[in-house]
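Participant: Starting off with a structure, shown below.
The values are calculated or read from the model by the stated rules, or taken from the named source; none is laboratory data. Bear in mind the structure is a predicted one, so any value in this text is a computation, not a measurement. When we count neighbours, we look across all protein chains shown, and the Cβ atoms used for this are built from the backbone with ideal geometry, even at glycine. SASA here: full protein model, heavy atoms, side chains in, ligands and nucleic acids out. Shrake-Rupley method; radii C 1.70, N 1.55, O 1.52, S 1.80 Å.
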Amino acid sequence: MIPISTIRENPEKVINRLTIKNIDAKSAILQIIALDDVRKETQRNMDDLLAQTNNLAKEIGILFKSGKKEEADALKQKNTDLKEQAKALEQKLEETQTKLQSVLVQLPNLPHESVPSGKSAADNIIVKQAGEMPVLQPDAMPHWDIATKFDLISFDMGSKVTGAGFPFYKGQGARLQRALINFFLDEAIAAGYHEIQPPLLINEDSGYGTGQLPDKEGQMYHIGIDNLYLIPTAEVPVTNLYRNLILQKSDLPIKNVAYSNCFRREAGSYGKDVRGLNRLHQFDKVEIVQIANPSDSYAILDTMIEHVAGLLAKLELPYRILRLCGGDMSFTSALTFDFEVWSAAQERWLEVSSVSNFENFQANRMKLRFKDDSGKTQLAHTLNGSALALPRIVAALLENNQQGDQVRIPHALRAYTGYDYISLPKV
RNA sequence: GGAGAGAUGGCAGAGUGGUCGAUUGCGGCGGUCUUGAAAACCGUUGACCCUCACGGGUCCGGGGGUUCGAAUCCCUCUCUCUCCGCCA
């Protein structure tokens with residue numbers, strides 16, 4: 001949520017910035033300012049009345065003690081009347097605030113100055129490409145066929161037991177998953193992140209705090225009987241840990257890493273996008289999350305990008321980094337870089353990480369603040385990034401490293417997998 | 001799931017209808033003393049809203065109610081603890 005102070009300070013700038021995200025916010029901004037004016041005036045009037053009732057109540061107390069009952073009774077009536085007026089104002093104040101909130105909540109975060117304009121993924125800017133694209137043999141297979149050939153993953157079993165998009169990992173495939181999770185966690189810990197194991201279910205307040213609610217209600221699995229949501233990413237619990245906290249400046253930056261299962265309904269996806277591991281309803285991901293001093297957050301974003309790039313280099317995967325354009329950025333983000341790996345058999349780039357600075361957008365929603373040098377509380381910045389999401393990494397590893405009857409494992413992973421090559425299952 | 005107890009400021013812990021935003025202790029910060037430190041002593045120490053400011057208002061787990069007046073009484077929700085049951 002954009003702080004209302006930001007809007008009041010420079011409404012024109014806010015409107016201009018939001019055009020980068022292809023939003024015409026003019027009427028919303030004007031409405032917000034008008035509602036905020038009403039809010040202030042109503043509050044002022046209500047406070048005046050309440051001050052009067054407070055004073056009267058004290059007087060009545062004193063009168064009672066000194067036995068002047070009639071005078072006290074007269075004041076009582078007066079105070080009841082004042083109280084009723086105050087009540088009416090309180091109601092108006094609440095209505096105004098609710099309305100104000102509902103407009104504010106619908107505004108996406110302001111994009112950073114460096115965000116290019118654009119309508120869709122086609123307008124993203126490639127800022128870096130690294131690694132060698134492998135040349136495959138003519139009989140090379142897409143990863144879903146490799147997974148079957150080496151008995152690594154069963155999509156059919158998942159469909160039977162749960163539904164499409166919930167695969168079973170088996171044998172060397174399961175081991176590969178575990179290897180990647182441990183590799184990613186160890187790399188993050190070596191980079192100074194603190195490991196967290198979060199709950200996989202979150203409540204409504206948490207969904208609201210990081211911005212999934214109310215914006216993306218339909219994308220999360222909802223447990224109606226307990227009103228809980230399955231997490232779409234560890235970002236939600238790990239960031240909400242700090243909801244409603246006032247941290248010390250010396251606490252920052254906070255660097256956490258969490259492995260979790262992620263659950264996404266992915267309503268409306270179809271075709272080759274969802275083939276094999278390309279898009280799942282349940283998948284594994286290691287997420288890095290930082291809570292930062294605003295003055296440091298963009299430098300921190302750079303370190304997170306370097307961290308993710310380092311992982312891909314160690315996995316020997318060709319990748320590219322995209323600076324997302326306004327039209328392709330998420331609701332909550334101020335600046336996002338996506339990482340894509342080359343999936344050689346499918347001959348397409350697959351998104352495996354998204355690294356974002358949310359500035360104070362999430363912090364404002366969840367009242368995450370810190371005390372600065374002058375002892376004032378101010379909103380912190382939040383950042384996160386996938387480091388990394390597993391399924392598409394597995395897809396690229398399998399496709400890029402296939403060598404007939406075996407699949408080569410990159411050196412960095414071998415200590416974790418316990419095997420150097422995936423081999424055909426023993427019959 | 002059943003029975004009971006509880007939720008107060010960074011922490012501990014008073015406060016059961018009237019100048020209580022809240023006694024006190026610890027911790028934190030500032031000062032006196034000291035070559036320095038400790039001890040002792042003095043002072044200070046929550047968040048949010050309105051206001052240029054003075055000042056005013058709100059907040060004692062969340063929400064609602066009673067009352068002229070609520071941290072204190074009532075209702076409700078959430079959470080914590082103890083005992084019983086079940087259980088990885």
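Participant: Determine whether A:Ala34 is of a type in the set (A, V, I, L, M), on the phi < 0 side of the Ramachandran plot, within 12 Å of RNA strand B (Cβ to nearest atom) and free of Cβ contacts under 8 Å to residues at least 40 places away in the same chain.
Facilitator: Spelling it out, it is not the case that A:Ala34 is of a type in the set (A, V, I, L, M), on the phi < 0 side of the Ramachandran plot, within 12 Å of RNA strand B (Cβ to nearest atom) and free of Cβ contacts under 8 Å to residues at least 40 places away in the same chain.
Participant: Among the residues of the range A:158-178, is there at least one that is at pLDDT 95 or above, hydrophobic (A, V, I, L, M, F, W, C), in a helix (DSSP H, G or I) and outside the structural domain of A:Thr42 (by TED's automatic domain parsing)?
Facilitator: Scanning the range A:158-178, I find at least one residue that is at pLDDT 95 or above, hydrophobic (A, V, I, L, M, F, W, C), in a helix (DSSP H, G or I) and outside the structural domain of A:Thr42 (by TED's automatic domain parsing), so the answer is yes.
Participant: Among the numbered criteria (1) surrounded by fewer than 23 Cβ atoms within 10 Å (Cβ to Cβ); (2) over 29 Å from A:Ile2 (Cβ atoms); (3) out of contact with any Pro (no Cβ under 8 Å at 6 or more places or on another chain); (4) aromatic (Phe, Trp, Tyr), which one does A:Trp342 miss?
Facilitator: For A:Trp342, the exception is condition (3).
Participant: Taking the conditions exactly as written (within 40 Å of the chain's Cα centre (by Cα), open to solvent by less than 100 Å² (accessible area, probe 1.4 Å), within 16 Å of RNA strand B (Cβ to nearest atom) and not assigned by TED's automatic domain parsing to the domain that holds A:Gln172), does A:Gln91 satisfy them or not?
Facilitator: no
Participant: Being of a type outside the set (A, V, I, L, M, F, W, C), surrounded by 24 or more Cβ atoms within 10 Å (Cβ to Cβ) and either more than 20 Å from A:Lys285 (Cβ to Cβ) or touching a residue at least 24 places away in the same chain (Cβ under 8 Å) (or both): is that true of A:Glu351 here?
Facilitator: no
Participant: List every residue pair whose Cβ atoms lie under 6 Å apart, where the two residues are 6 or more positions apart in sequence or sit on different chains, the first residue falls within the range A:43-67 and is more than 21 Å from A:Glu94 (Cα to Cα), and the second residue, located anywhere, is near RNA strand B (Cβ under 6 Å from one of its atoms) and in a helix (DSSP H, G or I).
Facilitator: Every condition considered, the pairs that remain are A:Leu56/A:Asn79.
Participant: Looking at A:Gly67, is it on the phi > 0 side of the Ramachandran plot, more than 14 Å from RNA strand B (Cβ to nearest atom) and exposed (fewer than 15 other Cβ atoms within 10 Å of the Cβ)?
Facilitator: no
Participant: Look through A:Thr80, A:Thr98, A:Thr53 and report the one residue that is within 7 Å of RNA strand B (Cβ to nearest atom) and surrounded by fewer than 15 Cβ atoms within 10 Å (Cβ to Cβ).
Facilitator: Selected residue: A:Thr80, the only one of A:Thr80, A:Thr98, A:Thr53 that is within 7 Å of RNA strand B (Cβ to nearest atom) and surrounded by fewer than 15 Cβ atoms within 10 Å (Cβ to Cβ).
Participant: Still on this structure, I have one more. Is it the case that A:Arg392 is closer than 30 Å to A:Thr148 by Cα, among the basic types (Lys, Arg) and touching a strand residue (DSSP E or B) at 6+ places or on another chain (Cβ under 6 Å)?
Facilitator: Against the criterion (closer than 30 Å to A:Thr148 by Cα, among the basic types (Lys, Arg) and touching a strand residue (DSSP E or B) at 6+ places or on another chain (Cβ under 6 Å)), A:Arg392 qualifies.
Participant: Is at least one residue of the range A:375-397 touching a residue at least 60 places away in the same chain (Cβ under 8 Å), in a strand (DSSP E or B), surrounded by fewer than 22 Cβ atoms within 10 Å (Cβ to Cβ) and in contact with a helix residue (DSSP H, G or I) (Cβ under 7 Å, 6 or more places away or on another chain)?
Facilitator: There is at least one residue in the range A:375-397 that is touching a residue at least 60 places away in the same chain (Cβ under 8 Å), in a strand (DSSP E or B), surrounded by fewer than 22 Cβ atoms within 10 Å (Cβ to Cβ) and in contact with a helix residue (DSSP H, G or I) (Cβ under 7 Å, 6 or more places away or on another chain).
Participant: For the range A:398-427, which positions are surrounded by fewer than 24 Cβ atoms within 10 Å (Cβ to Cβ), part of a strand (DSSP E or B) and among the polar types (S, T, N, Q)?
Facilitator: A:Gln403, A:Gln406, A:Ser423
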